[in-house]
Structure formats: structure tokens, C-alpha cells
1. Please find, within the range A:147-169, the residue that is farthest from the chain's Cα centre (by Cα) out of those that are surrounded by fewer than 19 Cβ atoms within 10 Å (Cβ to Cβ) and in a loop (DSSP other than H, G, I, E, B).
2. Listed residues A:49, A:33, A:43, A:77; which is touching a strand residue (DSSP E or B) at 6+ places or on another chain (Cβ under 7 Å), at pLDDT below 90 and more than 14 Å from every other protein chain (Cβ to nearest Cβ)?
3. Please verify whether residue A:298 is acidic (Asp, Glu), outside the structural domain of residue A:54 (by TED's automatic domain parsing) and in a strand (DSSP E or B), treating the condition exactly as stated.
4. Residue check, residue B:143 against (1) exposed (fewer than 15 other Cβ atoms within 10 Å of the Cβ); (2) touching a Gly at 6+ places or on another chain (Cβ under 9 Å); (3) within 20 Å of residue B:217 (Cα to Cα), all met but one. Which one?
5. Quick check on this structure: which one of B:137, B:149 is assigned to a helix (DSSP H, G or I), out of contact with any Asp or Glu (no Cβ under 9 Å at 6 or more places or on another chain), on the phi < 0 side of the Ramachandran plot and free of Cβ contacts under 8 Å to residues at least 40 places away in the same chain?
6. Checking residue B:237 against (1) modelled with pLDDT under 95; (2) buried (at least 18 other Cβ atoms within 10 Å of the Cβ); (3) touching a helix residue (DSSP H, G or I) at 6+ places or on another chain (Cβ under 6 Å); (4) not acidic (Asp, Glu), which single condition isn't satisfied?
7. So which of A:278, A:271 ends up being in a strand (DSSP E or B), in contact with a Ser or Thr (Cβ under 8 Å, 6 or more places away or on another chain) and either in the same structural domain as residue A:207 (by TED's automatic domain parsing) or crowded, with 17+ Cβ neighbours inside 10 Å (or both)?
8. Which of (1) out of contact with any Phe, Trp or Tyr (no Cβ under 8 Å at 6 or more places or on another chain); (2) among the hydrophobic types (A, V, I, L, M, F, W, C); (3) crowded, with 20+ Cβ neighbours inside 10 Å does residue B:214 not meet, given it meets every other one?
Amino acid sequence: MQTAEFAAMNSNFQELRLASVSRHFENPSGQRIAALHELTLTIKRGEFICLLGPSGCGKTTALNCIAGLLPVTGGTISLDERRIDLLPPEKRGFGMVFQNYALFPHMTVRKNVAFGLMMRGTKSDEMASRVARAFRLVQLTGHEDKLPGQLSGGQQQRVAIARAIVIEPPLLLMDEPLSNLDAKLRLEMRAEIRRIHRELDRTTIYVTHDQDEALSLADRIVVMKDGLVQQVAGPEEVYAEPSNIHVARFMGYRNVLELEVGARNGIAVTLEGSGLDLQGTAKQELSGPRASVAIRPEDLSVGAGPNAIRGRVENVEYGGHDSLADVKTAGGVLLHARTGARVAVGDEVSLTITPERVLVYPAEGAA
Amino acid sequence: MSALSARLKPDPALLLVAPAVIFLLLFFIYPFGYGFVLSFTPAEGDWLANYRKFFSDEHLWRTVIITFQLSLPVTILNVGLALPIAFQLRRKTAYQRWVTTLLVIPITLGTVLIAEGMLTYFGPRGWLSQFLQLLHIYDGPIRLTHNFIGVVISLGISGFPFCFLLMLSYVTGIDPTLARAAATLGAGPFAQFRYIYLPLLMPGLAITFCLAFVQAFSVFPSAVLVGAPSGPTRVISLAAYEAAFEQYDYSMASAVAMIMGFSQLVVVVIVLALRRSLYRGPASGGKG
């Protein structure tokens with residue numbers, strides 16, 4: 001009976017719909033605070049979605065609401081036409097990989113992986129073959145009879161993934177699964193997760209605060225801040241065309257300047273101030289006399305060209321392939337530029353950037 | 001090489017243990033050894049005379065059985081009640097704090113105070129009895145004191161908070177994400193308890209059982225005050241007391257004390273041996 005119930009649940013779905021999903025809590029002084037405010041999102045079968053944002057932005061709250069570990073305080077979640085936000089987690093049947101892995105310390109790795117199948121009353125021969133397949137998929141064959149405590153961090157991480165995918169969930173949820181690993185292992189596991197996603201074609205929602213991780217894994221990225229969705233777009237768009245200044249800042253636009261808006265011609269904007277005179281491209285409707293300008297260090301180059309900015313090199317961080325130079329203009333503006341050119345502290349340089357890469361948003365105070 | 005020789009040289013800091021060792025020697029090891037030897041040097045008869053007397057006199061050997069009959073069920077009851085209640089209170093809430101305080105109050109009361117209260121409340125003319133008779137719920141005589149039940153109630157009142165506090169600390173020591181992980185894998189509340197919490201709690205349950213059992217086994221005041229010390233609740237500590245302070249036979253009293261200690265040891269060893277077969281590692285699932 002239990003098996004049938006889960007089998008029905010695992011039937012393929014076309015869309016996971018989040019409609020105005022909110023999660024409020026009351027702070028000690030009795031105020032209602034929204035950890036997650038009206039998240040609306042439709043996820044198609046097979047998609048890899050990353051929820052990206054700084055800590056406290058509501059991304060883990062959103063994931064927990066989808067998993068059923070936190071009750072929503074507003075909105076609905078549905079798989080196709082079936083509403084699921086009122087079901088307890090054990091009835092949703094989504095696989096989840098936790099940040100600290102949450103492996104059962106008293107069970108062997110095999111029993112950990114088999115747990116979900118045991119709960120579903122899967123027959124023992126089928127269970128054995130599915131568990132073996134999961135071990136092959138995460139390349140852990142041979143470690144089945146160890147306890148989780150006897151494995152390395154990366155291996156524990158794979159067990160956690162195997163445990164979540166062995167139940168063949170319609171939706172796989174991952175909560176910063178790589179944040180406890182060292183840099184090299186993180187890159188390897190990132191490729192693994194991508195490979196597993198390709199092989200299984202499971203819809204995946206992945207929470208991270210690491211923009212590189214999100215860019216390399218996701219089909220679509222949901223950028224969040226303070227419980228609000230800022231942008232939903234593919235990796236290229238989020239990287240090149242952040243929808244607002246917060247997203248730009250988070251996506252590595254390290255140079256954010258507030259300047260006076262001068263002449264405007266459609267989305268082409270002239271900006272002035274602090275001795276600068278820049279041609280930029282408006283990304284949002286500009287209303288006030290001032291605007292925030294976001295420039296990625298990679299887009300600034302040393303040499304002659306449009307938007308020439310003269311300055312003196314204050315500091316150089318050598319980064320192997322290129323260097324990060326801090327350049328101070330005569331007007332006192334400090335700019336970060338990533339450049340392959342050899343520059344040294346004290347050099348007078350000229351920086352250049354095409355107007356398309358000077359992104360202009362309404363001034364932060366006014367927005 | 002030098003590291004090795006440095007390690008072989010006695011560390012002067014070890015001397016800091018000396019006061020504790022001296023204290024143990026003077027106040028535990030020596031009296032214990034003294035009593036042990038004393039039990040084998042009876043006033044009359046050969047070296048085993050005390051033990052032979054104990055196991056041939058029904059008035060004496062029955063005390064071991066009576067004490068087990070009292071302490072084992074009481075311990076099982078206390079631990080068995082403490083586990084689900086502590087489990088229910090594992091999440092930090094204002095409600096948890098109140099209930100915990102309420103449940104722990106009896107630990108601050110002595111057994112004598114509890115016995116006093118019980119006599120007033122549970123006695124034949126006590127409040128409970130009067131109340132039940134007033135409402136004609138039960139008209140027969142209600143005897144909850146000066147018998148076996150009286151001692152069980154008293155041991156329950158004094159022993160439960162202790163078991164509860166211990167179990168609460170074990171329960172809250174278990175990473176709640178484990179249960180959440182189990183839930184996402186299809187485990188309902190009961191399965192989460194059965195497969196995650198219970199196995200991780202078993203070692204703590206064993207320790208709690210041992211401590212509660214030893215405490216209950218050495219019951220003395222309540223057996224006298226709310227029990228029937230001449231018969232049904234004539235516990236082993238009472239036999240030791242009589243030998244020592246009524247017959248002034250310290251040798252016999254030591255022998256009874258040794259038998260009492262040995263009985264407790266047997267149970268503790270069995271429980272700890274069972275515990276060895278369980279998982280005893282950390283109760284959290286992975287890093288961080």
C-alpha cells in the first residue's frame with residue numbers, strides 16, 4: 001500500500017509551480033518578518049535551477065518550504081495540478097542533500113543509501129540492485145559496509161547524493177552541498193553533480209551562495225536578496241546583464257560608482273562626476289538626477305579606447321593568468337581592473353571600457 | 001628521540017591528580033577493602049560463615065529478591081516514561097522550559113519530604129482517598145502507603161526527574177537534521193523515532209538505566225517510611241542496617257553490603273555489555 005502511494009507520487013510531472021510562496025516568522029519583539037516573500041516560479045521537468053544569494057537571503061528557506069521541512073505561511077506549491085504544500089515531507093518524496101550531509105551515523109553507508117527504499121517497502125532484490133546502481137553512479141563501490149564517520153568529506157557528500165537519488169525522486173533538492181569541501185574537491189564534485197544531473201535527467205533545485213557554482217551548474221539562476229527574488233534568468237544573462245544594482249554587486253561587478261546623469265539618448269547615458277565622463281548603458285528606467293554605475297573588473301582594460309580613464313596604480317594582486325590592479329583617478333575614485341597587462345604600483349595608466357559594459361541603474365538611495 | 005625521552009619523563013603536572021587519588025584511597029578504596037575483608041572474618045565460624053548464613057536464612061536472602069522486585073520495575077518505568085517525554089520536549093520552546101521545571105522539582109525534594117507528603121496525600125485518610133470516597137468513585141479502603149506500592153510511588157517520584165534530565169540531554173544531543181533527512185526519505189514521525197532517534201539514544205538509555213537502577217536498588221528511607229519494612233518491602237539495605245545497628249554484627253553487615261554491591265554490579269555489567277554491541281559514536285551526520 002505504501003509502495004503504491006509513493007509510486008503515484010513519483011509519476012513524472014511536467015511543472016513544479018511556486019505561486020507567491022512566503023515564509024514569515026515572528027522576531028522576539030513580535031514583528032512579522034518575511035524570510036521569503038512571494039516567490040513565484042515555474043520549474044520545468046529536467047531543469048537545473050540554482051537559488052543564489054548571500055546568507056540570509058531566503059534561499060535555504062525556499063528550499064525547506066519546497067521540501068516540506070518548513071510550513072509556508074502564504075502561497076501554494078503544486079506539482080502540475082496537484083497541490084503539495086500541505087503534505088508532510090515524507091509524503092512529498094523529494095530527494096534532499098543537506099549542507100552537513102545528515103548521514104545516519106549509526107548505519108553503514110549501504111543502509112544509509114537503502115533507507116529511502118526501505119521506507120517505501122521496496123523488495124530486497126530490487127533494493128540491492130538499485131543501491132548498487134546508486135553506488136556506481138557516485139563512484140563509491142567498495143565502501144558500502146563502512147560507517148559514514150570512516151569516509152572523507154567528499155565521500156560522505158557522494159553518499160548523501162546517492163541516498164537522495166536512489167529513491168528516484170521527481171525533484172532533487174540540494175542545500176549548499178559543496179560548501180564543506182576544499183576548493184579542489186569542490187570543483188570535482190561540481191562536475192560530478194552536473195554529470196549525475198545529465199545522466200538521470202532529474203529536476204534539480206540547488207542552493208548556493210557561490211556565483212561560480214551557480215553559473216557553471218544552472219540552466220536558470222534565481223538571484224535572491226532579503227527574501228525577495230531579484231532576477232530569474234540563464235547564467236549568461238545574469239552574468240552579463242544583472243537586472244539591478246544588487247544583483248550586479250553580487251555577480252562580481254566590484255566597481256559601483258554613484259554619478260550624475262548627463263545627456264540621455266534612449267538607453268545610452270552620459271555620466272559625470274568625480275572628474276569622470278563616462279558613456280554607459282541604462283539597464284533600468286532612470287528617474288533621479290543620479291545613477292549607480294556598475295563595472296566588472298574584467299571589462300576594464302589597460303590601453304587606449306572609448307571611456308578613457310586616467311589613473312595611478314595603487315596596488316596589484318598577482319593572480320597567475322592575470323592581475324587585479326587598484327587604480328586611483330585624479331578625482332579620487334578607486335577602480336578595480338583585472339588585466340593581463342604588466343602594471344606596477346605607481347604606474348600612470350589609462351583604462352578603457354566599451355559603453356555597453358558600463359551598466360547604469362537608478363541610484364541606490366532612490367531605488 | 002628527544003620527544004620520546006621527554007614523553008617518558010614523568011610530567012610534574014600529574015601530581016595535580018594526587019589529591020583526588022588520595023581522597024579515593026582514603027574514603028573509598030580503603031573502606032571498601034576493609035569491609036570486604038571484614039565480611040570474611042565473622043565473629044564465629046569459618047570465613048564463609050556470613051555468606052552461608054545469608055543464603056540459608058530466608059529472612060535474609062529474600063531481601064535480595066524483594067529489592068530486585070522493587071528496583072527493576074521502578075527503573076524500567078522511570079526510564080520508559082522519561083524517554084518519550086524527553087523526546088517530546090526535544091525542541092526548545094517556552095512550553096518546554098515550563099514542563100521541564102515542573103518535572104524536575106521533585107529532584108530538589110529529599111526522599112523523606114516526599115514520604116511525608118505521600119502519607120498526607122495517599123494515606124488511608126489522605127486527600128486522595130477522601131476525595132475518591134466523597135465522589136463515590138471508589139468506596140473500598142485505599143491502601144497506597146505502608147506497602148509495596150507506596151515504595152514504588154516514592155521511587156518513581158524521586159527517580160523520574162533524574163532519568164528525565166539525563167534523557168533530555170541525550171535527546172537534545174542528537175542532530176535534528178538527521179530526522180529531517182529521514183523525513184525527506186519517506187520516514188513518518190514513528191519511523192524517524194524507530195530508526196534514527198532510538199538507535200542513537202540506546203547508549204544513553206543504557207547509562208541512564210544503570211544509574212537509575214543503582215539508585216533504586218539502594219532504597220532505604222522510603223522503604224521504611226512509606227513501605228512495610230517488616231515484610232513486603234524489607235529491602236537489602238534494611239538487612240544491612242539491622243545487622244550493623246541492631247545486632248552490632250559489623251562483619252555480617254559488611255557481608256550484606258558486599259552482596260548488595262555485587263547484585264548491582266551484575267545488572268550494571270549486563271547492561272553495559274549490551275551497550276558495547278551498539279553504535280556509540282557521535283550523534284550527528286557528517287561535517288559542520
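1. Ranking the candidates gives A:147 first.
2. A:33
3. no
4. Every condition holds for residue B:143 apart from (3).
5. B:149
6. (3)
7. Among A:278, A:271, only A:278 is in a strand (DSSP E or B), in contact with a Ser or Thr (Cβ under 8 Å, 6 or more places away or on another chain) and either in the same structural domain as residue A:207 (by TED's automatic domain parsing) or crowded, with 17+ Cβ neighbours inside 10 Å (or both).
8. Result: residue B:214 fails condition (3) only.
The values are calculated or read from the model by the stated rules, or taken from the named source; none is laboratory data. All figures in this text were calculated on a predicted structure; none of them were measured in a lab. Positions of Cβ are generated from backbone atoms using ideal geometry, with glycine treated the same way; all protein chains shown enter the neighbour counts.
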